[in-house]
Amino acid sequence: MESEETKDEAAAPAAADCSYCGAKAQVRANTIDSILGESSNRFACPSCFQEHHRFMLERLGTMDAELMELDKATQMEALRQLSDETEAHMKQWVKQRDN
Ligand SMILES: [Zn+2]
């Protein structure tokens, strides 16, 4: 069991489940949390990670210009909201995918 262990920081621990659909997780899904300097232990399977990433980049793309105008505290607040929004989106998305 230990022979295939990787030290890649992006890799999920062998025992981790996907935080969104419960499948076997392969990567950490805490991109926004890392920006905020908070480490969460959320993991994702490849399928969920892809959607998580896509949604976040899309949202960040539309927020970018505005974000630059804001002070640091407000930026953090906006990112925190985006994080919540992403979580909510993922729950919906998994429901649809698995139906
Ligand atoms: Zn998943």
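Restricting the first residue to the range 70-99 and requiring it to be exposed (fewer than 12 other Cβ atoms within 10 Å of the Cβ), which pairs with a second residue that is not hydroxyl-bearing (Ser, Thr, Tyr) meet a Cβ separation below 7 Å and a spacing of at least six or different chains?
Asp98/Cys21
Restricting attention to the range 33-69, report how many residues are part of a helix (DSSP H, G or I), surrounded by 10 or more Cβ atoms within 10 Å (Cβ to Cβ) and of a type in the set (Gly, Ala, Ser).
Final tally of qualifying residues: 2.
Among the residues of the range 35-77 satisfying the criterion of being polar (S, T, N, Q) and within 14 Å of the ligand (Cβ to nearest atom), which is nearest to Asp17 (Cα to Cα)? Walk me through it before giving the result.
Our first condition is that a residue be polar (S, T, N, Q); within the range 35-77, this holds for 39-41, 47, 50, 62, 74-75.
Filter once more, so that each one left must be within 14 Å of the ligand (Cβ to nearest atom): 47, 50.
Details: Ser47: 13, Gln50: 16 Å.
Here the residue is Ser47.
In the range 13-32, which residues are hydrophobic (A, V, I, L, M, F, W, C), surrounded by 14 or more Cβ atoms within 10 Å (Cβ to Cβ) and in a loop (DSSP other than H, G, I, E, B)? Reasoning before the result, please.
Step one: filter the range 13-32 for residues hydrophobic (A, V, I, L, M, F, W, C), giving 14-16, 18, 21, 23, 25, 27, 29, 32.
Pick out the ones that are also surrounded by 14 or more Cβ atoms within 10 Å (Cβ to Cβ) and you get 16, 18, 21, 23, 25, 27, 29, 32.
Matches in the range 13-32: Ala16, Cys18, Cys21, Ala23, Ala25, Ala29.
Going through the range 38-69 one residue at a time, which ones are of a type in the set (Ser, Thr, Tyr) and free of Cβ contacts under 8 Å to residues at least 12 places away in the same chain?
Ser39, Ser40, Thr62
Can you find a residue in the range 88-96 that is under 15 Å from the mean Cα position of the chain (by Cα) and more than 25 Å from Asp17 (Cα to Cα)?
Looking through the range 88-96, none of the residues is under 15 Å from the mean Cα position of the chain (by Cα) and more than 25 Å from Asp17 (Cα to Cα).
Would you confirm, using the coordinates I've provided, whether Ala10 is of a type in the set (Gly, Ala, Ser) and at pLDDT below 70?
Criteria met by Ala10.
The values are calculated or read from the model by the stated rules, or taken from the named source; none is laboratory data. A quick note: this is a predicted structure, and the numbers were derived from the prediction, not measured. Quick reminder, even Gly has a Cβ in these numbers, built from the backbone with ideal geometry, and neighbours come from all protein chains shown.
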